[in-house]
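Since the structure comes first, as structure tokens, the remarks are kept for the end.
What follows is calculated from the coordinates using simple rules that are stated; it is not laboratory data. Model, not experiment: these values are computed from the prediction. Backbone-built Cβ (ideal geometry, glycine too); neighbour counts: all protein chains shown.
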Amino acid sequence: MSDLLKKFDAWLEDKGPAALVIREHLMPVEGSDGVLFPSTFAAGDGFVGGYNIDDFGNGKNICLVDSVGSQANRIEPLFAKGKYAGLVPQIVVKAGDKSVNLLEAGHRAGDAIVRCSALQQDLQKAFNDVRKGNAEALAKIAPTSLVFGAWDSRDTQAKLPRLIASTIRAFDIRRLTRSAQYVPAADYVEEGLLEEPADLKDAQGRVKGKHPFAQRGFVHVPASGSHGGVIATGGIRRDATLHLAALRLLGAGEETKTPILRRYILGLAMTAFTHSPSGYLRQGCNLVLDPDKPREFVEVYGDGRRTPAKLSHGDALEYAEVAAKTFGVGESRGVNFDTDLAKKDVSEDKKTKKKAAGTRAI
């Protein structure tokens, strides 16, 4: 066995660290007092919509800048590019004129686009095997689902925890608002080019933003007091965790195969964990490392000990390549989205809900 393949076996032992943790302090490219635009979320479940800010009522608050799911979706497509692509099978589903790599599907191996394809039965078996403690089959089809987590919520109900979790938060933020005024190239109504409709304005005489004239750019439209970003007076921080304790729960059905599977998944996880994602998250949110605050990278043990960790991205990739070769990367495949399977999927879902409703009524 290659010495390199055994290099990180201490992290796979039960007495090894519970997790690896990276903590990075960030700042807007404009400076520590620059304005950044966090994620916005739709209203629902009592949430009014907009920025996700937890206010503690004592002047302290925490604002979610980029969620765990969003961070995973930024990192996972790495494995479709260049030198990383050979580490995992490339599963591409053609749906109409669009081709979607499984690495880009929102629910990974549990996504509808792959569930309703020729891989349906293979994935169903793989998920059922996972529920029985054998993740080998899934690692041959969708190994990054074992790294970033998946839930086959529409079929087997198999759940895979995230081995890697990364989140960006801003602390003690000050909210800003912004206003704008759209001015059309010509005053179409005033010039008699268009007739002003009776329902263009509301009871206060203001132009309705959702009116077709407003939406198509034919009238003046003010936009006042909308989200204008935040200033993080308490700093911005990215917290990333590689849960080794969860990785050690993965099995391959046979005692001799399990270490090989775990090394393969560890290699993928370390490669993703040490990769530096782009700091450009969205318009108005371009973050860089804060040079005045050191980056923390530690091993965290079950007894609470925290010891400095050392792992470069190059070392992680080198290990991943050897571990992948030893495990045997699954076959890359191109399949078509099956409309008939999708219709059947929807039909069976309706039957299940109807049956469940009937059961509750008894």
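Distance from the C-alpha centroid of the stretch 268-285 to that of the stretch 38-105: 11 Å, rounded to the whole angstrom. Subtracting the Cα-Cα distance of LEU289 and ALA180 from their residue separation scaled by 0.36 nm leaves 36.1 nm. Segment ILE231..VAL29, full-extension length gain: 71.5 nm, with 0.36 nm per residue of separation and the alpha-carbon distance subtracted.
Taking label positions 7 Å along the Cα-Cβ direction at both ALA245 and LYS98, the computed distance is 3.9 nm, reported to one decimal. With contacts taken as Cα pairs under 8 Å at a separation of at least 6 residues, the chain carries a relative contact order of 29 percent. Checked against a 26 Å cut-off, the cross-linked pairs LYS98/LYS343; LYS60/LYS310; LYS140/LYS343 give Cα-Cα distances beyond that limit for LYS60/LYS310; LYS140/LYS343. The eigenvalues of the Cα gyration tensor, multiplied by 5 and square-rooted, give the chain an equivalent ellipsoid with semi-axes of 43, 30, 20 Å from largest to smallest.
Each peptide in 206-217, 95-106 was scored by the mean count of other Cβ atoms within 10 Å over its residues; highest first, the order is 95-106, 206-217. If R0 is 56 Å, the Cβ-Cβ spacing of SER347 and LYS210 corresponds to a FRET efficiency of close to 0.95. Shown here: the stretch 149-298, whose C-alpha atoms stretch 82, 48, 26 Å along the first, second and third principal axes, sorted largest to smallest.
Report summary: the helix-based calculation at 222 nm, which adds -39500 (n - 2.57) for every DSSP H run with n ≥ 4 and divides by the residues of the chain, gives -8000 deg cm²/dmol. Could you pull out which residues in the stretch 228-265 have an amide N less than 17 Å from a spot 7 Å beyond the Cα of ARG305, following the Cα-Cβ vector? The answer is 244-245.
Summing charges over all other residues whose Cβ lies under 13 Å from the Cβ of GLY302, with Lys and Arg as +1 and Asp and Glu as -1, gives 0. Couplings 3J(HN,Hα) for the stretch 164-174, derived from phi with the Karplus relation 6.51 cos²θ - 1.76 cosθ + 1.60 (θ = phi - 60°), are 10, 10, 9, 9, 10, 10, 10, 10, 6, 8, 10 Hz, where x marks Gly and Pro.
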